[in-house]
Amino acid sequence: MRRVAMAMLLLLFNLGAGSRSHSQVMEEASIPAAFAFEDTVPLKIVREAVPARSFSVVGPQGAFLGRQDGSFEAWIFPWKIFSDLRMTVEMKDYPVPVDVNEHAAVIEVRPDHTIITFAHSNFRIREVLFAPEHAPDGAGVIGFFQFQAVRPMTVTVQFTPEMKRMWPAPSDDYVSAEWVKTATGGFYAMHMDFPDHAAGVEMPGAEPGILPPYQERAKFYPAQFVLHFNPTYDNGKIFPLLLTVADTAANARDVSLAAKLAALGGSLTSLYQDTAAYYREFLSHHLSVHTPDPDFNDAFAWAEVAMEQLRVKTTPDHDETALIAGIDASADSARPGFGWFFGRDALWSLYAVNSYGDFELARDEMEFLLRRQSPQGKIMHEWSQTAGLVDWKSLPYEYASADATPLLLMAANDYLQISGDADFLKQHWAEFQKAWTFECSHDSDGDGIYENTAGTGWVEAWMPGMPHQEIYLAALDQQASTAFASIARATGHREAGEDAERRAAFVAQQIEKEYFLTDMDFYAFSRNSNGTLDKSPTIYPSVADWDGTFHLTHPSGMLERWASQEFSTDWGTRDLSPTVSFYDPVSYHQGSVWPLFTGWVSLSEYRNGRALSAYAHLMQNADLTWSQDLGAVTELLSGEFFRWFGRSTSHQLWSSAMVISPALRGLFGLEWNAADQVLSVTPHVPATWNQASLSDVPLGTKHFSLSMRRAGTNLIVRLVDARAEIVHLGSHAAGAKIEHGTLEIPLPAVEVGLGHGLPEAGGITAQMKVIDQQESPRSLKLRLSAPAESKQSLFIRLNDPSVHVRVEGAELSSDATHLEVVFPSGNGYTEKTVGLAW
């Protein structure tokens, strides 16, 4: 296919006789020559730029997606406008051309913008990219450059014009990039074969680079913006990059494009400031955590931001808002990661959205899915941003999976419990009931459990063939039954609720009867239509604990194996045991590590009293915030080496959600009951923390702050708010009591804790694993594993300094702050049991 490359941007400051200065051009275009763009939102990540790693700048209507060498592609949804933007510099009296991208030095990421700084002995160039929160129609991303230099220089920026619609809509095979002169210099108009689509790209005051005449033999030439920069006049000034797209013949005319670009340039400052203000407001009005671990605090905040950035307006009418599954650079394709809408991705993620209090987004997402519900009641799996431009229903994607239907009921009930908004559920009762009916009607073998015959459960490929019924889907079916019972009661449908409760109890019994493997002390992966089982050990039974309403009765054997090196790498959990013949650590579904899986397992461990391993897994997800696309968490990683897949979507929705949900529902142990104004708190505060607090905890229509503070052998939990008297605190912790609105939770006299941190790139699993922990009022027993003959350390905390601690299997440090554990010889990992009594 055609590949016309075009060099984009950089404004022209022409120092020749009779030319206007850069400042004059910017003034005529109503664009400020400079403004304060650095300090906007306090949350930030600053790192040395790693050229091969991704970055993403995403907003409701567009995205810049690139690599940390500063090259990038630009999208105004659903159009890919250009790709591979790059810069070169030629300096006065310095006869060597400089590839600017080779000098990418620092990347600074904030919620509202990203800055990549290029550093050379003669110059500093800053590339500033943002996606306006309230962009005008036809716009979605804006960039600008700031130059500082010792010598005058000519800067050339080139890119490839694309004008491709996002997959799967067809696009023209040719785009013409033509230079259109204007009063402020000119812009590139990118026209298609037909006159109803076009884009404009402008740097006010710039001049074009190569413009091959018609007579020249057909050949690829980059189209270029060329800037002649004089440090005497131009140091510190900004040079905008403006983009617009048109979807009608009238708007695609050059004069219309010019007008839209001019208006966009005139509003650059206000759009930039508005986006910064939006994220300041977002962070100040959604749940935040405050702990002694600043990295964890920031990872939590970044997880919220990363999810919010994937809130996209649907196209072509921009009349709906929903969450896309993830995003990454598309290279030479029209698929920017998973930059479109997936039912199950969004629904797993709504638990995080509900818990940090963005009820509007939760409603928008559920209504988006309900509008696309099948006539039979099934909830959609996948909807492209260009689905309306093709015969989407004839393609095999819309209803490919079966799990979105029970997940809708679960997420809707979770929304109800936290928001108390029964009116929303009443408004959509018919759709929820239809989804419930669909779920109950797909049981071909008569065992009473929802089956994969309605679509794929979790896996999309499996050996030796696709499963008939997965425990993943069965566990969701059980929890969806409980959820629908709650929805029915809240909306005045008592009999339907009673029926659903009976079904939930029956499905729970059937799962135990059909799936538990006594000889393996594990639950099977799937059940075949003839009643036989696929006994492959996986992490999928962990989803049974997700809602907190259902628990498998024999989890211990699985929990021990999930915590061990068999499943647990140092960067997350594999989905499949390496003992299975078709295990493949670089496959999609048979041995890779997903932060999603790690989040499932972490919450299951918290709910089953395995707080140490749960904490280790939670922190693995949190630490991934700084690993690839800064501020976001990647889609999947190798099961053998610490490295993400080349095709892993770097900014993945549910990966970030799996920082938030296990933290709030596991580590802090929050449960909501807005109808009765009850907030239950059953925390597992790490031994290394003296205190923690949560701000803007949602409950119904109110938000509260919550503090947790150690006081000897008690954890004191308080609501910190003048309106706190209307909220009742509760806890499932043994011995917890409430006096005068204060919750006191007994703590053991002795606790131990773990550190956290990811291995170096390419590292293998070598960290200590806590396979089991058993506690009693006066003892703690830990079953540990680590590489043979290695020396490992545990933090120890004495909540009651008067106790005498007896240690077996480890040495207590001289200052009584750490336990030193030496593991026995052997091959690979070996085990050690450590006992503490007092």
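The values are calculated or read from the model by the stated rules, or taken from the named source; none is laboratory data. This structure is a prediction, so every number in the text was calculated from the model and none was measured. Please note: Cβ atoms are built from the backbone with ideal geometry, for glycine as well, and neighbour counts cover all protein chains shown. The area values use the complete protein model at the heavy-atom level, side chains included, leaving out ligands, DNA and RNA. Shrake-Rupley method; radii C 1.70, N 1.55, O 1.52, S 1.80 Å.
Taken over the stretch 271-288, the residue count meeting the criterion of being among the β-branched types (Val, Ile, Thr) and surrounded by fewer than 22 Cβ atoms within 10 Å (Cβ to Cβ) is 0.
What are the residues in the stretch 655-668 that are open to solvent by less than 10 Å² (accessible area, probe 1.4 Å) and assigned to a helix (DSSP H, G or I), if any? Don't jump to the end; show me each part of the working.
Just the residues of the stretch 655-668 that are open to solvent by less than 10 Å² (accessible area, probe 1.4 Å), to begin with: 655-664, 666-668.
Result: SER655, SER656, ALA657, MET658, VAL659, ILE660, SER661, PRO662, ALA663, LEU664, GLY666, LEU667.
The set of residues from the stretch 160-204 being in a loop (DSSP other than H, G, I, E, B), among the small types (Gly, Ala, Ser) and either closer than 13 Å to LEU243 by Cα or over 35 Å from the mean Cα position of the chain (by Cα) (or both) comprises just one member, ALA183. Kindly evaluate PRO212 against the criterion of being more than 27 Å from LEU389 (Cα to Cα) and assigned to a loop (DSSP other than H, G, I, E, B). Yes, satisfied.
This table checks each residue for (1) within 28 Å of ASP696 (Cα to Cα); (2) in contact (Cβ under 8 Å) with a residue 24 or more places away in the chain; (3) under 10 Å from the mean Cα position of the chain (by Cα).
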| residue | (1), (2), (3) |
| --- | --- |
| ASP298 | yes, yes, no |
| VAL305 | yes, yes, yes |
| THR314 | no, yes, no |
| THR321 | yes, yes, no |
| GLY326 | yes, yes, yes |
| ALA329 | no, yes, no |
| ARG335 | no, yes, no |
| GLY339 | no, yes, no |
| ARG344 | yes, yes, no |
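Looking for something open to solvent by less than 10 Å² (accessible area, probe 1.4 Å) and assigned to a loop (DSSP other than H, G, I, E, B) - is there at least one such residue anywhere in the stretch 338-346? Yes, the conditions are met somewhere in the stretch 338-346. Restricting ILE764, ILE738 to residues that are in contact (Cβ under 8 Å) with a residue 12 or more places away in the chain and open to solvent by 30 Å² or more (accessible area, probe 1.4 Å) narrows the list to ILE764. State all residues of the stretch 140-159 that are under 13 Å from GLN61 (Cα atoms) and either in a strand (DSSP E or B) or at pLDDT below 95 (or both); if no residue qualifies, say none. Correct list: ILE142 only. Within the stretch 669-694, if we keep just the residues that are open to solvent by less than 30 Å² (accessible area, probe 1.4 Å) and in a strand (DSSP E or B), the residue that is nearest to PHE424 (Cα to Cα) turns out to be TRP672. Listed by first and then second residue, the pairs linking a residue in the stretch 649-676 that is within 13 Å of TYR356 (Cα to Cα) to a residue that is in a helix (DSSP H, G or I) and open to solvent by 10 Å² or more (accessible area, probe 1.4 Å), with Cβ atoms under 6 Å apart and 6 or more places separating them unless they lie on different chains, are TRP672/GLN417. Are any of the residues in the stretch 429-439 under 22 Å from TRP600 (Cβ atoms) and either surrounded by fewer than 20 Cβ atoms within 10 Å (Cβ to Cβ) or in contact (Cβ under 8 Å) with a residue 24 or more places away in the chain (or both)? Checked the stretch 429-439: at least one residue is under 22 Å from TRP600 (Cβ atoms) and either surrounded by fewer than 20 Cβ atoms within 10 Å (Cβ to Cβ) or in contact (Cβ under 8 Å) with a residue 24 or more places away in the chain (or both).
Counting only strands (runs of 3 or more DSSP E) that sit wholly inside the stretch 219-319, those with at least 1 residues that are more than 28 Å from PRO168 (Cα to Cα) and in contact with a Gly (Cβ under 8 Å, 6 or more places away or on another chain) are 223-229, 238-246. Residue-level check: of (1) within 24 Å of SER486 (Cβ to Cβ); (2) touching a strand residue (DSSP E or B) at 6+ places or on another chain (Cβ under 9 Å); (3) open to solvent by 10 Å² or more (accessible area, probe 1.4 Å), GLN376 misses just (2). Only one of the numbered conditions (1) closer than 17 Å to ALA761 by Cα; (2) among the hydrophobic types (A, V, I, L, M, F, W, C); (3) free of Cβ contacts under 8 Å to residues at least 40 places away in the same chain is not met by VAL593, and that is (3).
Here the strands (runs of 3 or more DSSP E) wholly within the stretch 776-838 that include at least 2 residues being crowded, with 17+ Cβ neighbours inside 10 Å and not hydrophobic (A, V, I, L, M, F, W, C) are 779-787, 791-798, 829-837. Are there any pairs, at least 6 apart or on different chains, whose C-beta atoms fall under 8 Å, with the first in the stretch 445-459 and on the phi > 0 side of the Ramachandran plot and the second open to solvent by less than 20 Å² (accessible area, probe 1.4 Å) and in a loop (DSSP other than H, G, I, E, B), and if so, which? Close Cβ pairs satisfying both conditions: GLY455/LYS378; GLY455/HIS381; GLY455/ALA402; GLY455/ASP403. Whether a residue is in contact with a helix residue (DSSP H, G or I) (Cβ under 8 Å, 6 or more places away or on another chain) and either open to solvent by 20 Å² or more (accessible area, probe 1.4 Å) or not aromatic (Phe, Trp, Tyr) (or both) was assessed, and GLU308 passes this test.
Name the residues in the stretch 170-183 that are of a type in the set (Val, Ile, Thr) and open to solvent by 20 Å² or more (accessible area, probe 1.4 Å), would you? Spell out how you get there, then give the answer.
Residues of the stretch 170-183 of a type in the set (Val, Ile, Thr): 175, 180, 182.
VAL180, THR182, listed by residue number.
Would you confirm whether or not the stretch 322-331 contains a residue that is open to solvent by 40 Å² or more (accessible area, probe 1.4 Å), of a type in the set (A, V, I, L, M, F, W, C) and under 17 Å from TRP75 (Cα atoms)? So far as the stretch 322-331 goes, yes, one or more of its residues are open to solvent by 40 Å² or more (accessible area, probe 1.4 Å), of a type in the set (A, V, I, L, M, F, W, C) and under 17 Å from TRP75 (Cα atoms). Just wondering, is there one or more residues in the stretch 384-391 that are in contact (Cβ under 8 Å) with a residue 12 or more places away in the chain, touching a Phe, Trp or Tyr at 6+ places or on another chain (Cβ under 6 Å) and in a loop (DSSP other than H, G, I, E, B)? The answer is yes; a qualifying residue exists. Counting residues in the stretch 633-640 that are open to solvent by less than 30 Å² (accessible area, probe 1.4 Å), among the hydroxyl-bearing types (Ser, Thr, Tyr) and in contact with a helix residue (DSSP H, G or I) (Cβ under 7 Å, 6 or more places away or on another chain) gives one or more.
Rundown of residues vs (1) at pLDDT 95 or above; (2) closer than 17 Å to ARG574 by Cα; (3) surrounded by 24 or more Cβ atoms within 10 Å (Cβ to Cβ), yes/no style:
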site: GLY591; (1), (2), (3): yes, yes, no
site: LEU603; (1), (2), (3): yes, yes, yes
site: TYR615; (1), (2), (3): yes, yes, yes
site: ASP629; (1), (2), (3): yes, no, yes
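ARG126 passes every criterion in (1) open to solvent by less than 40 Å² (accessible area, probe 1.4 Å); (2) over 30 Å from LEU43 (Cα atoms); (3) of a type outside the set (Val, Ile, Thr) apart from (2).
When ASP112 is tested against (1) assigned to a strand (DSSP E or B); (2) under 22 Å from the mean Cα position of the chain (by Cα); (3) of a type outside the set (Gly, Ala, Ser), only condition (1) is not met. For ALA52, the requirement of being small (Gly, Ala, Ser) and assigned to a strand (DSSP E or B) is not met. Each residue in the stretch 347-383 was checked for being part of a helix (DSSP H, G or I) and of a type in the set (Asp, Glu), and 4 of them qualify.
None of ALA105, ALA74 is open to solvent by less than 10 Å² (accessible area, probe 1.4 Å), among the small types (Gly, Ala, Ser) and in a strand (DSSP E or B) except ALA74.
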